[in-house]
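Everything below concerns the one structure shown next.
Laboratory data are not the source of any read-out in this text; all were calculated from the coordinates shown. Please read these numbers as outputs of a predicted model, since none were measured by experiment. Positions of Cβ are generated from backbone atoms using ideal geometry, with glycine treated the same way; all protein chains shown enter the neighbour counts.
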Amino acid sequence: MYQASVPVFRHYLSRISDIVAVAGPDALDAQIADTFPARSQFAIAAGLSLSVTCLLIGREVPDLPEGLGPRLAVARATLGSIKPAEFEGAETRITPHRAGFADIEQTGEQFLHLFGLPNFFFHMTMGYAALRAAGVPLGKEDFDGIHSYPKDFRF
């Protein structure tokens, strides 16, 4: 459970930080239709990374700073302090939580794979898509930090 959560969240929080740096502060108000702006989508993703992880290990969810840059940094640092041993038994432990207005109970494994990770990536992707739609020059390599394409390459 540790490997499927903490390193994944930390990697993609770093990607969000890099995306935010490319976009600049003014672009972060971009949004798609009536969704939250990119800034809020990324802030929600940072909060989810911690709330999901902390619920899995039975740790209190820490308060995060308001500013996006500090919020991302604190979330990454907090995740970095979590040890694999803290996840012992997390996959089968029942994790009660809310999904919108629904009260849900899932095993830790279901919670991470069916709720936590998909919701994290939903908010990250919405922020990324809003910035792309606003003309910020981002590519797949900016999103995942793995792909590499020539500068002028487009799908």
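Quick one: length gained pulling K83 to E105 fully straight, 0.36 nm per residue minus the C-alpha distance?
Details: separation 22, 0.36 × 22 = 7.92 nm, distance 2.46 nm.
Extra length from K83 to E105 when fully extended: 5.5 nm.
Applying a 10 Å radius around every beta-carbon, put 69-77, 57-65, 17-25, 125-133 in order of their mean neighbour count, most first.
Numbers: 69-77: 17.3, 57-65: 13.1, 17-25: 15.6, 125-133: 21.2.
Peptide ranking by packing, descending: 125-133, 69-77, 17-25, 57-65.
On average over all directions, what projected area in square nanometres does the stretch 100-155 have, based on the convex hull of its Cα atoms? Mind dumping the intermediate values first?
Details: hull surface 22.2 nm².
Mean orientational projected area (the stretch 100-155, Cα hull): 5.6 nm².
Based on Cβ point charges of +1 for Lys and Arg and -1 for Asp and Glu, what charge dipole magnitude is obtained for the stretch 83-155 about its Cα centre, in debye rounded to the nearest 20? Write out the running numbers ahead of the final one.
On the way: 7 positive and 10 negative charges, 75 e Å.
Computed charge dipole of the stretch 83-155: roughly 360 debye.
How far, in nm, would the chain grow between T125 and D34 when pulled straight, counting 0.36 nm per residue and subtracting the alpha carbon separation? Before the final figure, lay out the partial values.
On the way: separation 91, 0.36 × 91 = 32.76 nm, distance 1.53 nm.
Taking 0.36 nm per residue and subtracting the Cα distance, the gain is 31.2 nm.
Over the stretch 22-74, what is the relative contact order in whole percent, taking alpha-carbon pairs under 8 Å and six or more residues apart?
So the answer I get is 25 percent.
Using only alpha carbon pairs under 8 Å that are at least six residues apart, calculate the relative contact order of the chain and give it in whole percent.
So the answer I get is 35 percent.
Tell me what the chain gives for mean residue ellipticity at 222 nm when only DSSP H runs of n ≥ 4 count, each as -39,500 (n - 2.57), the sum divided by the residue total, rounded to 500 deg cm²/dmol. Before the final figure, lay out the partial values.
Values: 5 runs with 77 residues, N = 155.
After summing the helix terms and dividing by the residues of the chain, the value is -16500 deg cm²/dmol.
Output the 0 to 90 degree angle, nearest 10, between the alpha-carbon long axis of helix 2-23 and the longest principal axis computed from the alpha carbons of the chain.
For 2-23 against the chain, the angle is about 20 degrees.
Please list log₁₀ I(q)/I(0) at q = 0.14, 0.15, 0.20, 0.21 Å⁻¹ for the stretch 25-67, using the Debye equation with identical point scatterers on the alpha-carbon positions.
The calculated log intensity ratios at q = 0.14, 0.15, 0.20, 0.21 Å⁻¹ are -0.41, -0.46, -0.68, -0.71.
Could you give the angle, 0 to 90 degrees to the nearest 10, between helix 38-57's Cα long axis and the longest principal axis of the Cα atoms of the chain?
20 degrees
Over the stretch 59-122, what portion of Cα pair distances is larger than 13 Å, expressed as a whole percent? Please report the intermediate quantities before stating the final value.
Numbers: 1461 of 2016 pairs.
Summing the P(r) tail past 13 Å for the stretch 59-122 gives 72 percent.
From Cα pairs below 8 angstrom and at least 6 apart in sequence, can you work out the relative contact order of the stretch 63-155, rounded to a whole percent? Write out the running numbers ahead of the final one.
Values: 42 pairs, mean separation 11.5, N = 93.
Answer for the stretch 63-155 is 12 percent.
So if I take the centroid of the Cα atoms in the stretch 97-112 and the same for the stretch 1-53, what is the distance between those two points in Å?
21 Å
Of the options I146, F42, T107, report the single residue whose Cα projects farthest towards the positive end of the charge dipole of the chain (beta-carbon charges: Lys, Arg +1; Asp, Glu -1).
With unit charges placed on the Cβ atoms, the residue in question is I146.
How large is the dipole of the chain about the Cα centre if only Lys and Arg carry +1 and Asp and Glu carry -1, each at its Cβ, rounded to the nearest 20 debye?
Numbers: 13 positive and 17 negative charges, 59 e Å.
The calculated dipole for the chain is roughly 280 debye.
Could you give the semi-axes, largest first, of the ellipsoid that matches the stretch 1-145, computed as the square roots of 5 times the alpha carbon gyration tensor eigenvalues and rounded to whole Å?
Numbers: eigenvalues 146, 51, 33 Å².
Working from the Cα gyration tensor, I get semi-axes of 27, 16, 13 Å.
Angle, helix 117-133 long axis vs. longest principal axis of the chain, Cα atoms, 0 to 90°, nearest 10?
Orientation of helix 117-133: about 10 degrees from the principal axis.
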